[in-house]
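Written below as structure tokens is the structure these notes are about.
The values are calculated or read from the model by the stated rules, or taken from the named source; none is laboratory data. All values derive from a computational prediction rather than experimental measurement. Here the Cβ positions follow ideal geometry from the backbone for every residue, glycine too, while neighbour counts run over all protein chains shown. Heads up: the accessible areas ignore ligands, DNA and RNA and are worked out on the full protein's heavy atoms, side chains in. Shrake-Rupley method; radii C 1.70, N 1.55, O 1.52, S 1.80 Å.
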Amino acid sequence: MIPGTPQIRHLTPADWQQALRDCVREPQELVESLGLGEEWVEPARRAAELFPLRVPRSYLARMRRGDPGDPLLRQVLPLAEETLDTPGYVADPVGDLQALAGPGLLHKYHGRALLVTTGACAIHCRYCFRREFPYAEQHAGKQSFAPSLDVIRNDPSVTEVLLSGGDPLTLGDRRLAALLAAIEAIPHVRRVRVHTRLPVVLPERIDAGFVEAWTSTRRLQRVMVIHANHAQELRDAEDVHAALCALKDCGTTLLNQSVLLRGVNDSVPALADLSEALFAAGVLPYYLHVLDRVRGAAHFDLPEATAMELHAGLTAQLPGYLVPRLVREVPGADSKTMLQPASR
Ligand code: SF4
């Protein structure tokens, strides 16, 4: 361990499970704890009927008090705009339901299969493209992962299994270790990739028990794609750094995906700051997604031309390895679609 590197605290499963249970769910509490005016409460209540509010307390602690434009708050505060029906913004913008190959198993791209492991998340991001996903019927872990794993076992073209959700890290350590063991037993799978927001929003989750479960697979290469959208989610957050450091120390390849969001990170300085903060925490920026046009999130969207201008500005400022790929997910396409100006 390098001197000065943040150390993982000795936490017990009870700590992260308690933090998960203890999330803020009432608009009144969110608004009061940030010292915002009462006028934010009623619209938030109405929008939260469509997609409930959920904010971990350690994430809340990173927000500025008295600032309704805080970039972390903007990601979680339900707004009246969510209740508007905007043409072109739909329940399943990325075609998840067309790509089902088994219970909670999505097969979109060659060589990869994605398990929707759970419907649970620690945080509810208002722009989430799965905010209307029918988790009650479609998640692979509903009863047993076995039927979905059978589909993967019978398809030798699958070399990488993605664990997604919801957030797969809301599963307990034993369940995760058993799932990893079952994936490891499929000879043609080489890699496991977890998509999770927990190291950023509930870093308590990366405890000794998790590291043991995660490293229980000896054969599979382990990749974790975290999700941060703003440098303020990472800077001065010692617990987040400790969690990411623990993941790095146990041999995890760490990448980040973010979403370009109006009012959160829609400027070159904000995006450049995010890349710098990620790299300082040992994470490479991987994707910058334009918004998936999910119902209720139109107010976060930006024109594609603006997204490309911002990306060009970022490319002009940073070394290539700090510039994420600007992409859109197009339903039915056989890979993510890279967005680049026509003249390139
Ligand atoms: S953590 Fe991920 S899956 Fe959960 S609400 Fe946020 S974006 Fe959606």
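Laid out as a table, the results:
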read-out	value
For the chain, share of DSSP beta bridges that run antiparallel, in % to the nearest 5	20 percent
Net dipole in debye of the stretch 224-282 [+1 Lys, Arg Cβ; -1 Asp, Glu Cβ; about Cα centre; nearest 20]	180 debye
Among Pro56, Pro27, Ala80 the positive-end extreme of the charge dipole of the stretch 16-122 (Cβ point charges)	Pro56
Candidates per GluC sites (Glu not before Pro) in the stretch 132-199, loop by DSSP, up to 13 other Cβ within 10 Å	Glu137
Farthest positive-ward along the chain dipole, Cα basis, beta-carbon charges - from Ala307, Leu244, Pro43	Leu244
Sparse-neighbour loop sites [trypsin sites (Lys or Arg not before Pro); the stretch 150-232; at most 16 other C-beta within 10 Å; DSSP]	Arg190, Arg218, Arg219
Rough spin-label spacing in nm, given labels placed 7 Å along Cα→Cβ, for Ala61 and Leu97	4.1 nm
Cβ-defined net charge surrounding Cys245, 11 Å radius [Lys, Arg +1; Asp, Glu -1]	-2
Stokes-Einstein D (µm²/s) once Rh is taken as the Kirkwood radius of the stretch 187-267 over alpha-carbon pairs, at 20 °C in 1.002 mPa s	157 µm²/s
P(r) weight above 13 Å for the stretch 105-153, C-alpha pairs, percent	62 percent
R0 of 45 Å, Cβ-Cβ distance Ala208-Thr83: FRET efficiency to nearest 0.05	0.55
Relative contact order for the chain, counting Cα pairs under 8 Å that sit 6 or more residues apart, in percent	19 percent
Share of Cα-Cα pairs in the chain lying beyond 38 Å, as whole percent	12 percent
Rounded Å value of the spacing that divides the Cα centres of the stretch 266-310 and the stretch 219-247	17 Å
Given charges at beta-carbon only (K, R positive; D, E negative), |dipole| of the chain in Debye	1040 debye
Cα gyration tensor shape of the stretch 111-262, rounded if a/c is under 1.5, else prolate or oblate by comparing a/b with b/c	oblate
Local net charge near Leu72, Cβ-Cβ under 9 Å (Lys/Arg +1, Asp/Glu -1)	+1
Percent accessible area from carbon and sulfur atoms, the chain, protein chains only, probe 1.4 Å	53 percent
At R0 = 25 Å, FRET efficiency that the Cβ-Cβ distance of Arg235 and Asp22 yields, to 0.05	0.55
The stretch 206-344, relative contact order in percent, only Cα pairs under 8 angstrom and at least six apart counted	22 percent
Gain in span if fully extended, Ala120 to Arg219, counting 0.36 nm per residue against the direct Cα distance	32.8 nm
Pairs of alpha carbons in the stretch 29-110 whose separation is greater than 17 Å (percent)	59 percent
Shape category assigned to the stretch 228-337 from the gyration tensor of Cα positions, a/c cut at 1.5	prolate
Accessible area expressed per residue, the chain, with surrounding protein chains retained (probe 1.4 Å, Å²)	43 Å²
Estimated [θ] at 222 nm from DSSP helical runs (n ≥ 4, -39500 (n - 2.57)) normalised by residues in the chain, nearest 500	-8500 deg cm²/dmol
Computed E for Gln143/Met338 - FRET, C-beta separation, R0 35 angstrom, nearest 0.05	0.35
Amide proton proximity set for Val294, modelled H, under 5 Å, gap of 5+	Val90
